[in-house]
Amino acid sequence: MIIKELIISNYQCYYDDKKFEFTRGSNIILGKNGGGKTKFYEAIEWLFSSNNRDIDELISKKKLNLASPNDPFKVGVEITFEQGEILNTVKKYFTVQKKTDKNFTTTNVVYEGIREYENGERDTMDGAALLKDIFPAKNKLYCMFKGESDLNILKNNDALVNLINLYSKVKHFGPYAEKGRVFREYADKAIEEAAKKDKKIEKRYKELDFEINNLQGKLNDKQIFLQTKYKEKRTLEENIQGVEKHLDNAEAVETIKTRIKDIDEKKKRLENSIDENYTTALFDKNWFLIYFENIQKEFSDKVVALSNERRKQQREFDREVGIKEGEKRATVALFRNVVPLPNDIPSRAIMEEMLSDEICKVCNREAKIGSDPYNFMLQRLNEYILTQKPVLEEEEEGDKIELFKNNYTSRLVNLEAAIDNDLIKVRSIYQTIKDQLEFNQERKNEIDELDRKKDKEIEDLENIIGSSELGQDSLAHTFKNSKGWQRDLTAVNIKIEEYEKSVSEMRKELSPKKDEKEALDSKSVSTYLTQTRKILRDIETIFEETKENKYDEFVKQLQKTANDYLKKINVGSFTGYIEIERRVFNKEQIVEVNLMQDGEIFYHPNTSLQTSMHLAILFAISEMTKIEREECYPLIFDAPTSSFDPIKRKHFFEVLGDCNEQTILLTKDFTDRSENTPGLLYSEEFVNIKRNKAILIRLEEPFDDEILSTINTQVINL
Amino acid sequence: MANLFEKWRTRIPKYNEIYKATLFDPLSNIGGGSEKAKFNLGKHFSNNYEFYMYAFFLGLYKEQYKPLDKDVKKADFNHAIQFWGSKSNRLGRTDFTNLQEYMFAAVIAKTNIDLLELEKGSISEDEAVKKLIETMEAYANGGLMLISDKLDESPHYFIQAPAFLNLILESNLKNEAH
């Protein structure tokens, strides 16, 4: 069955009567956005729907504007189907009468039907009934598709059953299988009743019954758990596959982040090791003394000279006094009368040590007890000790005149010795400072090097993030999630194995019990009953298996045909195939459609691939319907190929013509006019596109977007 | 035995009051707060006497002997020399009281006192110590003048960490240490 003609009258942007004539094969309607494509589709939908609300919105504003009052006009859609030699026309419309510029009335929506036979005879009929007859409402699901998401018709579980019921002879097998089951259940019940009457086995029978029901219940539950786990597994696999392309990036990002963290830690350590408290070091580390050696020499010379001069003056003074007072004050003199050392140097302890060891430890000469050197040292020590004794008043003989009232020199000499001792420390300060400065500089250089490295890593990081679709946070997320999913997948697989084993064990347990029950049956119940049951069982099995086989055949055929179309649409590109899986669960038909590649489910195909898959399935269904029902319905698409590239588009249109008796397709492709061929109303590409009919719709110019009364769609046959 | 060092330590040297606002206040930080915080503010010296010691050594090495004018208004510190360098209650600092001896040795070397006359009693201890302090003040003043000039020349010189160290190190040009 094809649509021969469609007339849209005063419906929204279609002012007056706009006629569309269609042929067999592919009919392409070109139109830019806003030109009337969607309204065309909606007009057909309105025709097929029973929704008659808000009809005021449907009236063409231009017509309303231009119509004269009291001159009624019709708003509606008329469609003519060609079925063999018979033409069926259905009209749905309402009449509008304009009273004033703002005022108008509408009638109710009315259906009209006309059937025209090959000999030209016409019959008028109930339009609504006629429509129901030739184009049942359920058909819409499989004939009209708006956009690409509508194409996924198998996504609902009952889609397959609906499909079969609508189009396939296979639907007839369903009721037989059901009936077979019912009869078998009658037989079962009869046998059970009979068996229970046998007192001998009643007890055991009841026990078995109970056990079997119990086990069967547990088995069913386990199978439900198993199904849940299968679903979980699929979701996880889907998730993992979904991020696979990002995983490399995610890993790379993590690696780089770790490296950057390392660099930062190294930098921190280096920065901490740098000590630039130079000013404080002047004090705390005595760095002030770097150039003190010269000063120290000055000081030393001065103090030594002072000490010398003091001792010299003291000796002269003592000698003068000694001449006056005799030898009382005579002190030990040195060779050549040179100025002696201060009497406290060496210290008393040192003197005592040298005397004890009987050796002069300065010049390394023997000083045995009783020898001259020994006596000299001893006298010197005694003189010193004398000076340390507090002077008693009685010992004073007259006024002692001292040359020196104070002795500052002694302390100064000590200080000089102490500073001299530390000279080695002072001399090392220069190198210490130099080393510290060098050390700091080297650490700074290392830090600069690390900074350069870090900049490079950051650059790499930004490149990866820039080239990935996910941002940095998403990638980190992905990485974390992916690890989690892998773990979960492993856990789920273990659980699945466990459940499968459990299910198998339960079946093994169940089986002997069922056998035992049957054995009891056959022992106690009349053979007639058991034989009848056997036959009914066989019948049930036959019906059930036949139905399943037919369903399988249907699905297999669907799959094969769909794959043929898929290859044609995707010529030269995608190398995968569609797999349609059917199974029964909980008395429901479950259908799964997957795109496979290299034997594995391809979870995230791009939109274009998905669309071609759905279209392939649709075309397959359409073809099979043609064969099964010897009847065919037109396919109407609104913009199904927006995600296709030009090559795929071309193949698609090749296929379109072959797949069905009639397809009508609306698209905004090819509407860009070429500069090279100004006479052409469409793009050059369209010249080579295969089709049986092409129509262009566009808004009549001039028009104003804001003023609806200027809107009018033109229909141009190409 | 008498101890000139002990006597000298009990004094508090003075400096030209002008420098209080221009140098001492901006460059040293009296009062609490951690050593680290002070450093970060560009205040390298914990207190005024530290800065004075720095000026002294700078003047000493650069041979900038600039005695204070009698008429000039003078300022001084809270602590006598004997307390300089005692850091037992400050975190992160070490005691440097030993530098007192070195400063004393320097002023002894550079001051013209007849120490023998001092020992004979013809010069009083106070007189001697006064002269030693004057020497100290002169070198410190010289150092302060140098620092002040440097600050005029480049106002941001002393913000860098090694600034003060470098100034001391540069004085090598006058002193051939190695």
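The values are calculated or read from the model by the stated rules, or taken from the named source; none is laboratory data. Source: prediction; values computed, not measured. Heads up, the Cβs are rebuilt from the backbone with ideal geometry, glycines too, and the neighbour counts pull from every protein chain shown.
Matching residues to (1) within 14 Å of chain A (Cβ to nearest Cβ); (2) crowded, with 16+ Cβ neighbours inside 10 Å; (3) within 18 Å of B:Tyr15 (Cα to Cα):
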site	(1), (2), (3)
B:Lys130	no, no, yes
B:Ile133	no, yes, yes
B:Ala140	yes, yes, yes
B:Met145	no, yes, yes
B:Ser148	no, yes, yes
B:Pro155	no, no, no
B:Ile159	yes, no, no
B:Leu167	yes, yes, no
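Among the criteria (1) part of a loop (DSSP other than H, G, I, E, B); (2) more than 30 Å from A:Phe619 (Cβ to Cβ); (3) free of Cβ contacts under 8 Å to residues at least 12 places away in the same chain, the one A:Asn51 does not fulfil is (2). Does B:Lys70 satisfy the criteria of being touching a Leu at 6+ places or on another chain (Cβ under 7 Å) and of a type in the set (Lys, Arg)? Considered against the rule, which asks whether it is touching a Leu at 6+ places or on another chain (Cβ under 7 Å) and of a type in the set (Lys, Arg), B:Lys70 comes out as no.
Here is the figure for region A:253-285: residues that are crowded, with 21+ Cβ neighbours inside 10 Å and facing chain B (nearest Cβ under 8 Å) total 5.
Going through region A:429-445 one residue at a time, which ones are surrounded by 12 or more Cβ atoms within 10 Å (Cβ to Cβ) and within 14 Å of chain B (Cβ to nearest Cβ)? Full working, then the answer.
Start the filter on region A:429-445 by keeping residues that are surrounded by 12 or more Cβ atoms within 10 Å (Cβ to Cβ), which leaves A:429-430, A:432-433, A:436-437, A:439-440, A:442-444.
A:Ile429, A:Tyr430, A:Thr432, A:Ile433, A:Gln436, A:Leu437, A:Phe439, A:Asn440, A:Arg443, A:Lys444 - these are the residues of region A:429-445 that are surrounded by 12 or more Cβ atoms within 10 Å (Cβ to Cβ) and within 14 Å of chain B (Cβ to nearest Cβ).
In region A:161-175, is there at least one residue being more than 23 Å from A:Phe554 (Cα to Cα), surrounded by 18 or more Cβ atoms within 10 Å (Cβ to Cβ) and either at pLDDT below 85 or touching a Lys or Arg at 6+ places or on another chain (Cβ under 6 Å) (or both)? Scanning region A:161-175, I find no residue that is more than 23 Å from A:Phe554 (Cα to Cα), surrounded by 18 or more Cβ atoms within 10 Å (Cβ to Cβ) and either at pLDDT below 85 or touching a Lys or Arg at 6+ places or on another chain (Cβ under 6 Å) (or both), so the answer is no. Annotation: of all residues in region A:1-44 being at pLDDT 85 or above and surrounded by fewer than 16 Cβ atoms within 10 Å (Cβ to Cβ), the one that is nearest to A:Asn88 (Cα to Cα) is A:Glu5. If you take the residues of region B:34-74 that are at pLDDT below 85 and part of a helix (DSSP H, G or I), which of them is farthest from the other protein chains (Cβ to nearest Cβ)? Top of the filtered list is B:Ala37. One residue alone among A:Leu558, A:Leu461 is within 30 Å of A:Asn660 (Cα to Cα) and either within 35 Å of the chain's Cα centre (by Cα) or assigned to a helix (DSSP H, G or I) (or both), and that residue is A:Leu558.
Restricting the search to region B:85-98, which residues are of a type outside the set (Asp, Glu) and facing chain A (nearest Cβ under 9 Å)?
B:Gly85, B:Lys87, B:Gly92, B:Arg93, B:Thr94, B:Phe96, B:Asn98
Going by what's in this entry, would A:Asn660 be described as modelled with pLDDT under 75, in contact with a Ser or Thr (Cβ under 8 Å, 6 or more places away or on another chain) and surrounded by 16 or more Cβ atoms within 10 Å (Cβ to Cβ)? Yes.
Among the residues making up region A:399-425, a single one is under 30 Å from A:Glu276 (Cα atoms), at the interface with chain B (Cβ under 9 Å from one of its Cβ atoms) and assigned to a helix (DSSP H, G or I): A:Ile419.
The condition of being away from chain A (no Cβ under 12 Å) and in a helix (DSSP H, G or I) does not hold for B:Asn78. Does A:Thr235 satisfy the criteria of being modelled with pLDDT of 90 or more and more than 7 Å from chain B (Cβ to nearest Cβ)? It is false that A:Thr235 is modelled with pLDDT of 90 or more and more than 7 Å from chain B (Cβ to nearest Cβ). Residues being within 14 Å of another protein chain (Cβ to nearest Cβ) and surrounded by 11 or more Cβ atoms within 10 Å (Cβ to Cβ) are entirely absent from region A:446-464. Total residues in region A:59-96 satisfying the condition of being under 53 Å from the mean Cα position of the chain (by Cα), of a type in the set (A, V, I, L, M) and surrounded by fewer than 21 Cβ atoms within 10 Å (Cβ to Cβ): the figure is 1.
For beta carbons closer than 6 Å, sequence separation of 6+ or different chains, a first residue in region A:704-718 that is under 13 Å from A:Lys61 (Cα atoms) and a second that is charged (D, E, K, R) and assigned to a strand (DSSP E or B), the qualifying pairs are A:Thr710/A:Asp704.
Could you tell me whether region A:585-601 includes any residue that is of a type in the set (Gly, Ala, Ser) and either surrounded by 15 or more Cβ atoms within 10 Å (Cβ to Cβ) or touching a helix residue (DSSP H, G or I) at 6+ places or on another chain (Cβ under 6 Å) (or both)?
In the first step, residues of region A:585-601 are kept if they are of a type in the set (Gly, Ala, Ser); the result is A:599.
Then keep just the ones that are either surrounded by 15 or more Cβ atoms within 10 Å (Cβ to Cβ) or touching a helix residue (DSSP H, G or I) at 6+ places or on another chain (Cβ under 6 Å) (or both); that gives none.
No, region A:585-601 has no match at all.
When region B:83-132 is filtered for residues that are in contact with a Ser or Thr (Cβ under 6 Å, 6 or more places away or on another chain) and within 26 Å of A:Asn406 (Cα to Cα), the ones remaining, listed by number, are B:Val107, B:Lys110, B:Thr111, B:Lys131, B:Leu132. Remark: pairs (first residue in region A:230-243, part of a helix (DSSP H, G or I); second residue of a type in the set (S, T, N, Q); Cβ separation under 8 Å; 6+ apart in sequence or on different chains) = A:Lys233/A:Asn493; A:Asn239/A:Asn481; A:Ile240/A:Ser482; A:Ile240/A:Gln486; A:Val243/A:Thr478; A:Val243/A:Asn481; A:Val243/A:Ser482. Restricted to region B:95-158, the set of helices (runs of 4 or more DSSP H) holding at least 1 residues that are in contact with a strand residue (DSSP E or B) (Cβ under 8 Å, 6 or more places away or on another chain) and among the aromatic types (Phe, Trp, Tyr) is empty.
What residue, among those in region B:70-98 that are among the β-branched types (Val, Ile, Thr) and touching a residue at least 24 places away in the same chain (Cβ under 8 Å), is surrounded by the fewest Cβ atoms within 10 Å (Cβ to Cβ)?
Taking region B:70-98 and keeping what is among the β-branched types (Val, Ile, Thr), we get B:72, B:81, B:94, B:97.
Next cut, touching a residue at least 24 places away in the same chain (Cβ under 8 Å) only: B:72, B:81.
Values: B:Val72: 12, B:Ile81: 23.
Ranking the qualifying residues of region B:70-98, first place goes to B:Val72.
In region A:579-597, the residues that are under 20 Å from A:Glu238 (Cβ atoms) and without any contact (Cβ under 8 Å) to a residue 24 or more places away in the chain reach residues that are of a type in the set (Gly, Ala, Ser) and surrounded by 13 or more Cβ atoms within 10 Å (Cβ to Cβ) with C-beta atoms within less than 9 angstrom, at least six apart or across chains, in these pairs: A:Leu595/A:Gly576; A:Met596/A:Gly576; A:Gln597/A:Gly576. In region A:291-305, the residue that is farthest from A:Leu415 (Cα to Cα) out of those that are in contact with a helix residue (DSSP H, G or I) (Cβ under 8 Å, 6 or more places away or on another chain) and within 7 Å of chain B (Cβ to nearest Cβ) is A:Tyr291. State all residues of region B:99-125 that are within 7 Å of another protein chain (Cβ to nearest Cβ) and surrounded by fewer than 17 Cβ atoms within 10 Å (Cβ to Cβ); if no residue qualifies, say none. Correct list: B:Glu101, B:Lys120, B:Gly121.
Just one residue in the set B:Glu101, B:Glu137, B:Glu119 is without any contact (Cβ under 8 Å) to a residue 12 or more places away in the chain and of a type outside the set (Phe, Trp, Tyr); that residue is B:Glu119.
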